[in-house]
1. Can you bin segment 122-203 into rounded, prolate or oblate? Criterion: square roots of the alpha carbon gyration tensor eigenvalues sorted a ≥ b ≥ c, rounded for a/c under 1.5, prolate for a/b above b/c, oblate for the rest.
2. Mind checking the full-extension length gain between VAL122 and GLN226? Use 0.36 nm per residue of separation minus the Cα-Cα distance, one decimal, nm.
3. State to the nearest 20 debye the size of the charge dipole of segment 94-164 about its Cα centre, where the only charges are +1 on K and R beta carbons and -1 on D and E beta carbons.
4. Return the calculated 222 nm mean residue ellipticity for the chain, to the nearest 500 deg cm²/dmol, obtained by summing -39500 (n - 2.57) across DSSP H runs with n ≥ 4 and dividing by the residue count.
5. Normalising by the residue count of segment 1-146, find the relative contact order in percent from Cα pairs under 8 Å and 6+ residues apart.
6. DSSP H helices in the chain with Cα extent of 30 Å or more along the helix axis and mean Kyte-Doolittle hydropathy at least -1.0?
7. So for TYR202, TYR120, fewest C-beta neighbours within 10 Å to most, what's the order?
8. Give the distance, in whole Å, between the Cα centre of segment 1-61 and the Cα centre of segment 166-244.
Amino acid sequence: MYQQASARKAAGTNSRIDVMRSLVELQTQQQRLSSLQSDVRKQKIVLARLIGLPLDRELNLTEAFVSQPSETPKVSAAVERALQHRFDLQASERQVRAAELAVSASHAERYPTVSLNGNYGVIGANPTATHGVFAVTGALNVPIWEGGRIKGDIIQAESVLRQRRAELADLRAKVEGEVRTAAIELETAMGQLRVAATNRDYANETLTEARDRFSAGVATTVEVVQAQEQVAVAESDYISNLFSFSLAKLSLARATGQAETEFPSLLKGDRP
């Protein structure tokens, strides 16, 4: 724009104010570009540290941003997957099962027990004169005088069981809440991404028309600069919404307990 405005001023078809306005806009965008380039270099250092590369290694991201929005998964199916695959939920269920077995064991302390012991050996004055001996003993144990202790064990085990069941119910509600929240965030991010993509197309079309009007001499640099700002804002919004969309997919996968298995395909088509 600055070059075009300067050429038109040299030809006598443009005023100096248009040239100065385009020059100010050019320098402003140069400052912004320098700041963004600095941020990119810092983020590359952070990325190199995360993936274990030398910090002096130059990283080049070659692929462009693309998006492939899919249909929002059914919440009921997502909740069912979470109840089946969440390891924390499975651990809580195992704790409930262990508490149930502890209650059963406490009740079983009332049962009579039978023990039988036996042994066989040889005895004699010397190794050449021996004969076999054996002993067999049996015992029946009836816990008549231990009812109070057994009752206390049962009460304690049942108390632990109720606590474990309450923890399991609370965790299930928490898991379902996380899944439903993640599904809502994914649906919202998907809608925002579609709108951002549409706005970006409209902004680019507006910029093309503004440049054509400026080249034809029926518009000033103000109109073109405003169109350029709209394109920059629309592109920034699209990038932010694409990031939010990818993050929402990761959040839903984490809520359903499948982030590790599905991670390779989660960001397919949504990578820089």
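Read the figures in this text as sums done on the coordinates, not as results from a lab. Everything quoted here is computed from the prediction, not taken from an experiment. Note: ideal-geometry Cβ built from the backbone for every residue, glycine included; neighbour counts use all protein chains shown.
1. Judged from the Cα gyration tensor, segment 122-203 comes out oblate (a/c at least 1.5, b/c at or above a/b).
2. Extending this stretch completely gives an extra 26.5 nm.
3. About 300 debye.
4. -25000 deg cm²/dmol
5. Relative contact order for segment 1-146 comes out at 12 percent.
6. Flagged H segments are 16-51, 87-108, 147-215, 221-255.
7. TYR120, TYR202
8. Each part's Cα centre sits 22 Å from the other's.
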